[in-house]
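Heads up, the thing below is written out as structure tokens.
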Amino acid sequence: MSDDTLLDRLQRKADGRNIDTRAGILEGEGAQQRVKDPEPTRHAAGVLSTVPSRSGPDSEGAPSYYGMPVLKEPLWIWTVPAYFYVGGVAGAASVLGVTLEYLGGRRLERLAGRCHAVATAGDIVSAGLLIHDLGRPSRFLNMLRVFRPTSPMSVGSWVLAGSGAVNTAAFVLRRMPGALGVMGRTAGLVGAVLGLPLAGYTAVLVSNTAVPLWQQVGRTLPLFFMASATASAGSLLSLFPHTNAEERVLRRFRVAGKVAEVFTREAVELEARQVVEVGKPLRTGVSGALWTLSRTCSLAGLVMDVLPGRARWKQVTADVLSTVGAVAARYAVIQAGRASARNPQATFQGQRQGLGAAQVEGNTVASDGKPLSFPLPVIGQSQAGMPYARFMVTQPER
């Protein structure tokens with residue numbers, strides 16, 4: 001059997017990674033994920049007549065990596081953005097539930113209980129979605145073997161596990177008399193404390209990667225996720241039957257979240273536009289369409305919520321639009337990150353603007369101790385016409 005025939009057979013039979021089971025075993029965290037589009041066979045490049053780093057398709061003379069992506073795009077499946085949404089709703093609902101329990105009195109006791117129920121259900125569903133992406137439950141348990149404060153993944157795993165445990169205890173025990181009731185209410189307080197990071201830690205998680213777009217919006221994306229989680233939790237709770245007193249509380253909660261969502265979304269877009277190629281996926285392609293859908297639905301939900309009139313159909317429509325906008329935003333962020341990872345110009349332009357390690361670690365000093373000036377010109381031309389790499393070091397302005 002020829003090599004071409006074997007390769008074709010493997011691509012038809014396997015998941016695109018071309019692993020012959022007779023020669024190797026596919027294991028690890030990504031073993032259960034399927035690769036729908038195998039990478040095409042890349043032929044060796046011929047002799048280049050230009051500077052190598054400026055060669056390749058769509059380079060247009062800009063520094064590139066032979067026109068090829070520098071990064072591997074994330075392999076996360078659809079359950080990850082769904083987890084981002086459900087976890088955010090659970091975190092915001094737990095905060096609202098504890099607030100109503102201590103400040104709302106008896107009139108809002110039923111709404112507080114519903115918040116605890118939503119938070120508990122959200123934690124359970126979030127764990128299921130995360131485990132589905134990981135492939136098997138043991139991988140989630142393995143993330144709990146150690147606690148590493150410097151790792152958003154480690155902190156987030158413990159936050160999710162702890163939030164699920166205490167919210168379940170609060171939901172079961174909070175109405176019981178005596179010591180059990182005290183334990184339940186205390187667990188609810190702990191759940192509210194954990195609910196705050198649960199609503200936004202997923203944005204911190206993606207921002208601590210090498211994906212250009214996620215890294216670029218690392219300051220504003222957590223705020224956007226938390227505001228969107230507040231609006232989503234308020235909208236979801238408003239879909240359940242409720243009294244007029246409960247409606248007044250829910251309306252303030254969800255409108256505050258929707259207004260904050262509008263401003264933080266603009267902040268995310270402004271931060272993404274600082275580097276043209278990095279912010280491009282939020283304006284073009286599938287990710288751009290999802291982001292536009294999210295913005296449109298969220299604004300429409302806010303407008304319908306603040307217009308005069310309290311008809312039930314109007315409120316339901318506003319809540320559904322806000323929910324669609326929040327879900328679409330999570331999928332847009334994931335798809336935009338994948339698109340930016342495929343674009344080598346997004347990686348290089350971001351690095352030359354001082355992002356990446358220079359931004360995170362403050363590594364803005366050259367080897368000779370002089371401060372670097374951004375953006376960094378990195379391609380020069382020697383007197384003989386041969387390309388060479390250099391860094392331009394300038395003195396700071398006095």
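The values are calculated or read from the model by the stated rules, or taken from the named source; none is laboratory data. It should be emphasised that the depicted structure is a prediction, and the values quoted were computed from it without experimental measurement. All Cβ positions, even for glycine, are placed from backbone atoms using ideal geometry, and neighbour counts span all protein chains on display. Protein only, heavy atoms only, side chains kept; ligands, DNA and RNA dropped before computing areas. Shrake-Rupley method; radii C 1.70, N 1.55, O 1.52, S 1.80 Å.
Worth pointing out:
- For region 308-318, backbone phi angles converted through the Karplus equation (6.51, -1.76, 1.60; θ = phi - 60°) give residue-by-residue couplings of x, x, 10, 5, 4, 5, 5, 5, 4, 4, 4 Hz, Gly and Pro being listed as x.
- Residue separation of F147 and N208 scaled by 0.36 nm, minus their Cα-Cα distance, works out to 20.2 nm of gained length.
- Under the Karplus curve 6.51 cos²θ - 1.76 cosθ + 1.60, θ = phi - 60°, whole-Hz ³J(HN,Hα) for region 68-81, x wherever Gly or Pro sits: 9, x, 7, 10, 8, 5, x, 9, 4, 9, 5, 5, 6, x
- Solvent-accessible heavy-atom area per residue, rounded to whole Å², over region 273-312 at 1.4 Å: 54 Å²
- Efficiency of FRET between R22 and R342 - r from beta-carbon atoms, R0 35 angstrom, step 0.05: 0.60
- Cα gyration tensor shape for region 125-278, rounded if a/c is under 1.5, else prolate or oblate: oblate
- Nearest-0.05 FRET efficiency for A289 and A311, computed from C-beta distance (R0 35 Å): 0.65
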